[in-house]
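The values are calculated or read from the model by the stated rules, or taken from the named source; none is laboratory data. Note that the coordinates shown come from a computational prediction; the quantities given were computed from them, not determined experimentally. Neighbour counts run over all protein chains shown; Cβ positions are idealised from the backbone, glycine included. Surface areas here come from the heavy atoms of the whole protein model, side chains and all, with no ligands, DNA or RNA. Shrake-Rupley method; radii C 1.70, N 1.55, O 1.52, S 1.80 Å.
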Amino acid sequence: MTTFQFYLAVIIFCLTYVGIMSEKFPRTICALVGGGAMIYAGYVTQSEAFERFIDWNTLGLLAGMMILISVVKKSGFFRVLALWAMKESKGSPRELLVLLSCVTAVGASLIDSVTAALLIAPMTISLCRMLKISPVPVLVSEILMCNVGGTALMIGNPPNVMIGSATHLDFNDFLINLAPVVVITIVATLIGILFIFRKELPHGHLPKEQIDAIDIMSAVEDKMIFKRSLIVLGLTIVGFVLHSRFGLQSATIAMTGGVVAMLACHVNPEEAMKEVDLDTLFFFMGLFILVGGMENAGVITAIASWGVALANGDNHLITYMILWLSGVASAFIDNIPFTATMIPLIKDMQALMNLPHADYMWWALATGACFGGNGTMIGASPNVIMVAIAAKEGHNISFGTFMKWCFPLMIMSLIVSSVYIEVRYFMLAGM
């Protein structure tokens with residue numbers, strides 16, 4: 001590659017990134033144009049793009065889970081959980097916030113953070129209206145839980161899906177390595193939220209008659225779909241746990257779960273397929289080709305060499321650079337293209353340092369990219385969705401106010417991650 005070709009690839013990448021971040025153009029169009037530019041400029045051939053750079057496992061996993069969740073949504077499962085939280089909290093605003101936050105975190109890890117946000121936000125507003133309190137504190141807590149909870153499993157947040165598909169790490173690796181730090185962060189975040197909104201969350205409970213009148217199962221519209229879809233979801237999770245033992249890819253498990261859910265619940269395939277977000281899938285395709293062009297141009301390797309030299313080959317320092325750069329950057333830019341760029345960069349760093357199994361770097365990227373989304377209103381999709389839903393109900397949250405509440409909590413979560421990584425992967429490992 002000549003110097004001109006090197007910098008041309010950088011220019012194509014930067015222009016694409018600016019287009020995505022500006023939100024003046026559809027992000028999918030930006031990604032596809034950027035990927036196409038890499039092909040037309042000769043950095044990537046069409047066959048190379050399809051055979052080497054587009055991660056079909058990631059796309060298959062996302063599509064399969066979209067189909068499965070489209071069926072689960074019909075079951076009313078999230079509405080059942082929301083009513084359960086109301087009944088268990090006995091109408092106490094503080095207890096309701098904690099329970100709904102935990103429900104959101106679990107939902108975000110088992111399905112995905114965006115779906116969890118779409119399903120839980122309307123129910124939250126309805127429940128808060130019953131208690132005659134502002135839903136803002138609860139919605140803000142749920143936003144944070146979407147991003148933190150979704151970090152626990154490989155299928156929760158897009159960065160995890162991408163990391164899992166691009167590396168040797170499987171579902172169990174994410175569960176064992178990330179679930180502990182997620183639990184710790186959830187507890188710390190809830191303490192912070194309860195302190196920040198201590199004046200907006202009054203003490204007290206609803207009258208016993210009102211609590212007893214709540215029928216949890218009234219949220220179930222179709223008992224057959226409710227039972228069967230949850231059984232299929234549970235079996236799919238078991239499949240993710242066991243897939244590596246049978247030599248199967250995660251996309252195969254997700255697609256199987258989606259097809260079985262449609263068959264078992266008698267759902268029209270055309271109706272289920274409407275829930276497959278083609279916009280997101282093509283966005284990923286464009287990004288994969290774009291980053292592939294950067295790899296072939298030698299830009300990724302050059303940045304990796306610079307990073308290793310800057311850290312003087314210290315894997316401690318590089319790990320924390322990955323964590324904090326990912327965290328702060330993901331608060332202001334989309335963590336999906338950021339993660340797509342960081343994956344080959346970390347691979348090159350590991351190769352240069354002869355650390356092929358430095359998995360703690362992947363955990364630093366996952367926690368940084370996912371936790372960092374909590375920093376600002378635009379940091380992650382659940383933030384934008386829930387803020388928009390709140391605004392429709394007359395509860396406006398400004399960019400500055402959101403950042404004042406959540407950026408310190410995001411920094412706290414990165415500190416928790418730093419301590420966790422240091423203790424588990426360096427101190428206890430004797431490194």
Q) Hey, got the dipole for region 73-163? About the Cα centre, +1 on K and R Cβ, -1 on D and E Cβ, debye to the nearest 20? A) 360 debye
Q. To the nearest 10 square angstrom, what accessible area does Glu200 show with a 1.4 Å probe?
A. 90 Å²
Q: Would you tell me the accessible area of Met66, worked out with a 1.4 angstrom probe on the heavy atoms of the protein chains, in Å² to the nearest 10?
A: 40 Å²
Q: Might you tell me the accessible area per residue for region 213-304, computed with a 1.4 Å probe and given in Å²?
A: 50 Å²
Q) In vacuo Debye scattering of region 241-363, one point per C-alpha: log10 I(q)/I(0) at q = 0.10, 0.11, 0.15 Å⁻¹? A) -0.48, -0.57, -0.88
Q) What residue among Ile389, Ile300, Ile191 shows peak mean-square fluctuation when the chain is described by a Gaussian network model with Cα springs under 10 Å? A) Ile191
Q. If you project the alpha carbons of region 29-176 onto their three principal axes, what span does each projection cover, largest first, in Å?
A. 63, 33, 25
Q. To the nearest 10 degrees, how steeply does helix 381-392 sit against the main Cα axis of the chain, on a 0 to 90 scale?
A. 40 degrees
Q: Leaving out ligands and nucleic acids, note down the accessible area per residue over region 324-399 with a 1.4 angstrom probe, in whole Å².
A: 33 Å²
Q | Size of charge dipole - region 267-387 - debye, nearest 20, with Cβ of Lys, Arg +1 and Asp, Glu -1, no other charges | A | 360 debye
Q | CD proxy at 222 nm, helix term only [per DSSP H run n ≥ 4: -39500 (n - 2.57); per residue of the chain; nearest 500] | A | -24000 deg cm²/dmol
(Q) Defining a contact as two alpha carbons under 8 Å apart and six or more residues distant in sequence, what relative contact order in percent does region 47-189 show? (A) 23 percent
Q) Here are some values of volume of the Cα convex hull per residue in Å³: (1) 147; (2) 131; (3) 169. Which one was computed from this structure? A) (1)
Q: Would you kindly give the portion of the calculated P(r) for region 189-279 that falls above 16 Å, as a percent of all Cα pairs?
A: 72 percent
(Q) Can you give the log10 of the normalised intensity I(q)/I(0) at q = 0.11, 0.17, 0.22 Å⁻¹, computed with Debye over equal Cα scatterers of region 300-431? (A) -0.44, -0.87, -1.22
Q | Contour minus Cα-Cα distance for His168 and Ala41 (0.36 nm per residue) | A | 42.6 nm
**Q.** Acute angle (nearest 10 degrees) that the helix 3-22 long axis makes with the longest principal axis of the chain, alpha-carbon atoms
**A.** 10 degrees
Q) On a 0 to 90 degree scale, rounded to 10, what angle separates helix 171-196 from the longest Cα axis of the chain? A) 60 degrees
Q. Excluding Val220 itself, what net charge comes from residues whose Cβ is under 14 Å from its Cβ, given Lys and Arg +1 and Asp and Glu -1?
A. +3
Q: Before anything else, pin down the relative contact order of region 202-282: Cα pairs under 8 Å, at least 6 apart, normalised by residue count, whole percent.
A: 26 percent
Q: Can you send over the carbon and sulfur percentage of the accessible area for the chain, probe radius 1.4 Å, protein chains only?
A: 66 percent
**Q.** Per residue convex hull volume, Cα atoms of region 73-146, in Å³
**A.** 71 Å³
Q: With an 8 Å cut-off on Cα pairs and a minimum separation of 6 or more residues, tell me the relative contact order of the chain in percent.
A: 25 percent
Q | Gain in span if fully extended, Lys90 to Phe407, counting 0.36 nm per residue against the direct Cα distance | A | 111.0 nm
Q. Mind listing the phi-derived Karplus ³J(HN,Hα) values for region 48-61, rounded to whole Hz, using 6.51, -1.76 and 1.60 with θ = phi - 60°, and x for any glycine or proline?
A. 5, 4, 7, 8, 10, 8, 6, 8, 5, 5, 4, 5, x, 5
